[in-house]
Amino acid sequence: MATKYETPGMGAAAVLMALRLPTALRHSVGELRYQARSSGRHIALPVGYVLDGDSAVIRVGHAGAKNWWRNFRTPRAASIRIEGRWRRGIAVVAMPDTVAHERLDMIYRRAHPRTTTEPDPYVVIDLSTPNEDTMAEHDLRRSWFTRVTVGEMLGFLAPALAGALTAHASAAVLVMSMLGAGAVEGTVLGYFQAGVLRTRLSRLRSRDWMVATSAAAVVAWTVGVLPMLYGEQFGEWPVWAQLPAAVGGSLIMVFSIGIAQWMVLRRFTDRAALWILANAVGWVAGLLAFLMVTSPLWQPGQPPILVTVIGILGGAVMAAVMAWVTGAFLALVLADEHLLPTP
């Protein structure tokens with residue numbers, strides 16, 4: 001269940017919203033999160049920081065009018081988003097007239113020479129301990145890449161075999177074979193993807209994810225078989241008719257799986273819409289990789305077994321590229337702060 005953080009004031013909330021955008025502000029301002037010592041509330045607020053090795057140094061300006069820093073009079077866990085990435089560590093206050101304060105003051109003034117001479121306290125966050133959030137993100141991406149690559153490779157065997165075996169069959173047999181193979185590919189891919197997703201989304205039902213992925217794969221393959229059936233006729237169309245047809249078909253193929261999976265994922269994260277883009281980028285990159293591998297190798301008159309082997313090789317490359325790209329997005333989509341609470 002996602003933790004709800006409170007932000008003191010509209011101004012602070014506006015700054016936190018701005019920090020989610022890729023602006024220069026993120027180089028010097030971060031989002032600090034902690035649990036209040038007395039009330040137990042979870043607080044999020046913007047703070048200016050300076051990095052010093054494995055430490056983040058935060059100057060508490062006008063400390064007398066603020067209370068948040070008092071939570072760190074003794075060491076306490078805190079998280080800070082630095083340039084879009086979360087870091088976790090132990091925070092503590094360094095009060096004026098201490099050796100630690102003098103050192104931190106020098107570090108901060110070196111980065112901000114125009115800082116006032118007021119003897120404000122500093123909060124320093126030790127980030128040298130292993131970052132559990134980053135480690136979890138790496139584990140998620142590694143697991144996703146491995147399982148999804150294998151899942152798509154196994155799933156793609158179905159259309160690769162179907163295409164090779166029905167290359168000279170009637171149109172009806174070709175269509176039914178490829179759509180059936182597409183359903184198998186989507187089901188297998190969905191099964192392997194759901195296995196990874198359930199490590200973060202325990203309420204996700206694998207069947208829902210598999211059905212959505214399989215249905216989307218059938219839609220994509222429905223468009224994909226059209227060039228096999230009507231490629232010559234399509235080539236005779238005028239350019240003004242070819243272009244919108246090609247663009248429309250490409251958009252359906254690229255966005256079908258992302259939209260279908262978004263319908264399931266939106267119940268778990270407020271960043272589900274980003275998953276549509278993730279799939280579009282991932283599948284475009286994967287299909288380009290597939291074409292780069294297979295186009296020079298496929299030649300007219302090749303035996304079905306060679307056609308199949310080349311298709312499988314291209315499918316393996318496509319699977320790896322798609323898995324790597326979507327895995328990079330997945331860490332953003334399933335970040336803890338974007339998970340929706342259990343209804």
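Taken as a whole, the condition of being touching a strand residue (DSSP E or B) at 6+ places or on another chain (Cβ under 8 Å), crowded, with 18+ Cβ neighbours inside 10 Å and of a type in the set (Gly, Ala, Ser) does not apply to ALA12. Taken as a whole, segment 172-180 holds no residue that is of a type in the set (S, T, N, Q), open to solvent by 30 Å² or more (accessible area, probe 1.4 Å) and outside any helix (DSSP H, G or I).
Note on segment 87-109: among residues that are small (Gly, Ala, Ser) and farther than 15 Å from ASP120 by Cβ, the one that is surrounded by the most Cβ atoms within 10 Å (Cβ to Cβ) is ALA91.
When segment 250-272 is limited to residues that are open to solvent by less than 20 Å² (accessible area, probe 1.4 Å) and not in a helix (DSSP H, G or I), the one that is nearest to ARG203 (Cα to Cα) turns out to be PHE268.
What are the residues in segment 282-328 that are at pLDDT below 85, open to solvent by 30 Å² or more (accessible area, probe 1.4 Å), touching a helix residue (DSSP H, G or I) at 6+ places or on another chain (Cβ under 8 Å) and among the β-branched types (Val, Ile, Thr), if any? If the condition is that a residue be at pLDDT below 85, open to solvent by 30 Å² or more (accessible area, probe 1.4 Å), touching a helix residue (DSSP H, G or I) at 6+ places or on another chain (Cβ under 8 Å) and among the β-branched types (Val, Ile, Thr), then ILE305, VAL307, ILE312 are the ones that fit.
Residues that are surrounded by fewer than 18 Cβ atoms within 10 Å (Cβ to Cβ) and of a type in the set (Val, Ile, Thr) were ranked within segment 193-217; the one that is nearest to TRP262 (Cα to Cα) is VAL211. Among the residues of segment 139-171, those that are open to solvent by less than 40 Å² (accessible area, probe 1.4 Å), over 19 Å from the mean Cα position of the chain (by Cα) and of a type in the set (A, V, I, L, M) comprise ALA158, ALA160, ALA162, ALA164. Screening TRP237 against (1) modelled with pLDDT under 90; (2) in a helix (DSSP H, G or I) leaves a single unmet condition, (2). Among residues of segment 49-65 being farther than 23 Å from ALA335 by Cβ and not in a loop (DSSP other than H, G, I, E, B), the one that is farthest from the chain's Cα centre (by Cα) is GLY64. Scanning segment 66-80 for residues that are of a type outside the set (D, E, K, R) and in a loop (DSSP other than H, G, I, E, B) yields ASN67, THR74, PRO75.
The values are calculated or read from the model by the stated rules, or taken from the named source; none is laboratory data. Since this is a predicted model, take the numbers as computed values, not measurements. Methodologically, a virtual Cβ is constructed for each residue, glycine included, from the backbone with ideal geometry; neighbour enumeration extends over all protein chains shown. Each accessible area value is taken on the protein alone, full model and side chains, heavy atoms only, with ligands, DNA and RNA left out. Shrake-Rupley method; radii C 1.70, N 1.55, O 1.52, S 1.80 Å.
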